[in-house]
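Accompanying notes for the structure given below.
The values are calculated or read from the model by the stated rules, or taken from the named source; none is laboratory data. Fair warning: this is a prediction, and the values are worked out from it, not measured in the lab. Every residue, glycine as well, gets a Cβ built from its backbone with ideal geometry; the counts of neighbours run over all protein chains shown. With ligands, DNA and RNA removed, areas are computed over all heavy atoms of the protein, side chains included. Shrake-Rupley method; radii C 1.70, N 1.55, O 1.52, S 1.80 Å.
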Amino acid sequence: MNQKVNYIVQFMEYIPRIEQLYKTNLRLHFATYMPLISARGTEIMTAKAELLTKEKINCNYIIEQLIRETRCNKRKYFTRDEQITVLEKLIRAAENKLFLCIDKNSKESLFVLRQMLEYNFLLSAIFIGRNRESISCEKIEEPLFKEIINTLEYYESFKVFNRNVDDANAKINNLLANDKQAIQKAMGYVVSNMPEKVVIKDKKNLEVAFSKEKISEILNSARALYKMLQILDLVLAEKKCIIKVTKTSINIEVKRRYKESSFSQIDKMIENAGREIDETWVKEYDRDIKYDFGLSFSEIEILEEQLLSNIGHNFNNWVFDEENLYKVFSFTSYSKEELSKFCSYFILDKSYKANSAFDSEKSVKKPIIGYGEGIYASSLVMLLVGIRMLLEDIKAGTTANELFNRKVQKVIDRNRRLFEKEVADSIIRLYPESKVLWSVKKIAGVTMPGEIDVMCFFEGIVFIFECKAVDLKYTLKEEQNFVKNFTRDSKNSYVMTLD
């Protein structure tokens, strides 16, 4: 066992190079949008075409290879059957490409992917804080994002560059968001195909297996695969779209009946929506939460706060065997049994499989990686992300524990009805002369085909309100479906329900 643990520790000594490679990739990406500027207003990097081509910073060259290998016709595809056929062919080729990159080093590849994902989350946290003006540039210690934010602030000081700044800001945010999904998807593929046994290698072999070029290939293969899965999902979701395949790229054109600008009101409504969730029911089910997850809801929240207070500026990585799994949280006062059960929920191993492009269960929710033979590894940043997602999933009844979800579903439904009553009460306060009903199942003795959340009679007009308590969205597809529910393009849309 010690030999195997030492092997994992030895590989973790190599990890900082991986973090640096992903950082370099993002820096070059940003440099294609605008030259990076130092705090003193000095240009520190300019994007040169030959440098970017050499570094292979994006997945375009992988997609070009896939199109060439699959011999896809370079044309537009209009029918859904044609589109699905060509995309499935490209997806299979992309999967094979990823597996070739991983080859016999699947366990090490998980380290590579997780390290990039961890750094991605760290940068996103900084960006979100900066955008909300809760973090000033002076307080940011991460060198790359200090450069990026210095650059944005420098150009913001010249009004002529406002559009460039907005574009660059959006592109780097989109890149980080897309990488989160692509890396998680790749982790799902690795976990479902990796061998059971840990293979012992020396450091020299590891460095050969994970050269700079190999790591870039893994990242870009993951990006290419995710892009194909995204396009396929759009083809299946949209009624009218065109797939265009060229020698070097594949793109989708969606013919929507609504304008993108029409979503401005939806964005405003989402931004103004209530974020508070009634957590009184959590106390009712605290015993079940503790039974199913090892710790109660309040204990998990306290643990999250303790972890946050322990986080440093560097990556905190741990390796442990099955017997010492609980020691991840050794600084707490909880028992070994409680912590072992809590930790077991977060293990990403063979029992977890990503079966679709947009599965609700994502790798990021399972931050403790199982490497076979009772060997596990994790890190502080990813544990924090996983714990926060667990807390949100408990409140929404969307955890990976289906038995627990069924226990709390009645209470969640009850809370949603209370929300409908709150809406009804708000209307009565604003319009006391109106007549308001909520959770309407019958009208004049006639059973309705579906329940009406809130019905208001005012000045001879009937107003129908559809009330929604929306769960946290984890993926781009979930966000797309949520926004689409405000249009007539979805059979289950809120608009169609009201009709």
Fill in the blank from the handout: Surpassing 19 Å at the alpha-carbon level, of the pairs LYS421/LYS468; LYS185/LYS366; LYS283/LYS421; LYS283/LYS410, are LYS283/LYS421
Completion exercise
Where a ≥ b ≥ c are root eigenvalues of the Cα gyration tensor, a/c under 1.5 meaning rounded, otherwise prolate if a/b exceeds b/c and oblate otherwise, region 58-122 counts as prolate
Practice task
Would you kindly find the accessible area of ILE84, with a 1.4 Å probe and non-protein molecules such as ligands, DNA and RNA excluded, rounding to the nearest 10 Å²?
Solution key: 40 Å²
Problem - Cα-projected label distance for GLU459 with ASN162, points at 7 Å along beta-carbon direction, nm - result: 3.8 nm
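Can you figure out the FRET efficiency of ARG68 with THR42, using R₀ = 45 Å and their beta-carbon distance, to the nearest 0.05?
E(calc), rounded to 0.05, equals 0.60.
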Handout entry: Rounded FRET efficiency, nearest 0.05, which uses the C-beta distance separating LYS139 from ARG406 and R0 of 51 Å
Key = 0.70
Practice task
Rounded, prolate or oblate: pick one for region 158-240, where a ≥ b ≥ c are the square roots of the eigenvalues of its C-alpha gyration tensor, a/c under 1.5 means rounded, and failing that, prolate if a/b is larger than b/c, else oblate.
Solution key: oblate
Handout entry: Greater than 28 Å apart at Cα, pairs in LYS180/LYS214; LYS146/LYS247; LYS107/LYS171
Key = LYS146/LYS247; LYS107/LYS171
Exercise for the section: Report the FRET efficiency, 1/(1 + (r/R0)^6), for ASP103 and LYS283, where r is their Cβ-Cβ distance and R0 is 51 Å, rounded to 0.05. Expected result: 0.50
